[in-house]
């Protein structure tokens, strides 16, 4: 497998300058903890270097533009670059903002040189001026090939030529591997090793004994034997939805009726990804040109009927104008548009998780109506008799529940963000039994399963049964189990002593949370 690496130098500075609407030719540096993290070419010309203190960098270049670090900004700005390369060759892996890797698409474009030239041209056309491409047998060599390439150019290392290409490179190219790389470079220079070829010539056993596993990995890279693999990212889902009209329609009512199915498909595919749209752009095309475009917002989220209504309003609006030079004039009396429409497109601009817009416990009733109803019930049964559940920190499912009188602010709750060692990982159970039901768990020999103070299980759980309303339920085989999660709560105050929790799945497919305490087994919760 041949690897192609696309490198956009000083990407953090490029993204920050674009966000600040400043010229890319301005000397600039991105700071982290008052230390230069990245600087661009004009700043390096004035003597600014990565790792300098802020005052030293400003002393070298008084007009230096200082910009804050923002990894999210860098990733957002790099997304269009990933999309462009992904159109040329699927399977892009974003190594970090400014650096990506993909399998070299040489056979499709005729040659690897043609593929590199195509990638450079596509990125330059999108406004990325400083782009460099490297192609080689492995990831490390391809990255180094990109770093030695000129602006808007490429370096292709022939198959099998990685060792000879890497031999002459200085060891300081390893500094880009973070703190470990910088530490290793310092050590190699103190040992008198100046090039990657010097490191590659050393015996492998001696390097691993002196420099550890990381040093042995770096030696294999220097020999052109980089074992690093990259995982291609999953492309973001296409959430747009459009409907073409053949022949084009000039009636608002006909267009509105024809987009109903597409609106339902748009909402359904968002729901498939557990999303809802709170902002949607509706575009109408006439003869291949967008003649009407408007962004709509919703106080909650759009349904299919809401989208159809927005299309109707937009096309009937006498003030609808085009962002592409055309115009669309609606006449409310006749319902005829000025230009025949051949395509309508829904583009989600603001999407949010569907869980954030789920209905409350009382459905779609207003808050005022609920408040009045609860206040009336409190007047009948007492203020403290009506409570609402609140999540708090804890290890057991019951301990994580707290009941607060309706209308009272929750205070004195245990913090949720603490580690809580021994807590069973999610998802949370559906039902919590209060009080817990008595249970039994046995191994293959019919002996009760126990847990030692060190968390060692005496035998593998094979069968269990719990106490029902009419006595003991029949034994049930255990098809799967997980645990234990040991805890020892309240030992300083004579608590229950060491306990351990198990998740078990019965033969009927239902999952349960069982607790082993010094006095026996009990059923705490069910996952249903």
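The values are calculated or read from the model by the stated rules, or taken from the named source; none is laboratory data. Note that this is a predicted model, so its numbers are computed, not measured. With ideal geometry, Cβ positions are generated from the backbone for all residues, glycine too; neighbour counts draw on all protein chains shown.
Miscellaneous remarks
- The range 1-36, residues that are in contact (Cβ under 8 Å) with a residue 60 or more places away in the chain, outside any loop (DSSP other than H, G, I, E, B) and within 13 Å of residue 77 (Cα to Cα): 11, 12, 14, 15
- Taken together, the residues in the range 122-163 that are part of a loop (DSSP other than H, G, I, E, B), under 17 Å from residue 81 (Cα atoms) and in contact with a helix residue (DSSP H, G or I) (Cβ under 7 Å, 6 or more places away or on another chain) amount to 4.
- Selection status of residue 70, under 19 Å from residue 178 (Cα atoms) and buried (at least 22 other Cβ atoms within 10 Å of the Cβ): no
- Reported count of residues in the range 164-174, each being buried (at least 17 other Cβ atoms within 10 Å of the Cβ) and in a helix (DSSP H, G or I), is 6.
- Hey, residue 131 touching a strand residue (DSSP E or B) at 6+ places or on another chain (Cβ under 9 Å), under 19 Å from residue 232 (Cα atoms) and buried (at least 22 other Cβ atoms within 10 Å of the Cβ) or not: no
- With respect to (1) out of contact with any helix residue (DSSP H, G or I) (no Cβ under 7 Å at 6 or more places or on another chain); (2) exposed (fewer than 15 other Cβ atoms within 10 Å of the Cβ), the lone exception for residue 189 is condition (1).
- Test: residue in the range 49-69 that is at pLDDT 90 or above, part of a helix (DSSP H, G or I) and closer than 28 Å to residue 120 by Cβ: no
- Residue identified as at pLDDT 90 or above, part of a helix (DSSP H, G or I), in contact with a helix residue (DSSP H, G or I) (Cβ under 7 Å, 6 or more places away or on another chain) and assigned by TED's automatic domain parsing to the domain that holds residue 317 among 282, 267: 267
- Picking from residues in the range 412-433 that are over 17 Å from residue 516 (Cα atoms), touching a residue at least 60 places away in the same chain (Cβ under 8 Å) and touching a strand residue (DSSP E or B) at 6+ places or on another chain (Cβ under 8 Å), the one that is surrounded by the fewest Cβ atoms within 10 Å (Cβ to Cβ) is 430.
- Note on the range 401-449: among residues that are within 20 Å of residue 476 (Cβ to Cβ) and part of a loop (DSSP other than H, G, I, E, B), the one that is modelled with the lowest pLDDT is 430.
- When 232, 206 are checked against the criterion of being outside the structural domain of residue 93 (by TED's automatic domain parsing), under 24 Å from residue 117 (Cα atoms) and surrounded by fewer than 16 Cβ atoms within 10 Å (Cβ to Cβ), 232 stands alone in meeting it.
- Residues considered: 275, 199. Of these, the only one that is within 30 Å of residue 96 (Cα to Cα), touching a helix residue (DSSP H, G or I) at 6+ places or on another chain (Cβ under 8 Å) and in the same structural domain as residue 168 (by TED's automatic domain parsing) is 199.
- Within the range 112-121, the presence of a residue that is surrounded by fewer than 21 Cβ atoms within 10 Å (Cβ to Cβ), assigned by TED's automatic domain parsing to the domain that holds residue 10, under 22 Å from residue 10 (Cβ atoms) and touching a helix residue (DSSP H, G or I) at 6+ places or on another chain (Cβ under 9 Å) is excluded.
- Scanning the range 303-327 for residues that are touching a helix residue (DSSP H, G or I) at 6+ places or on another chain (Cβ under 7 Å) and either exposed (fewer than 15 other Cβ atoms within 10 Å of the Cβ) or at pLDDT below 50 (or both) yields a single hit, 320.
- A count restricted to the range 274-288 and to residues that are surrounded by 13 or more Cβ atoms within 10 Å (Cβ to Cβ) and farther than 13 Å from residue 348 by Cα stands at 3.
- Selection within the range 90-103 - surrounded by 18 or more Cβ atoms within 10 Å (Cβ to Cβ) and part of a loop (DSSP other than H, G, I, E, B): 92, 97, 98
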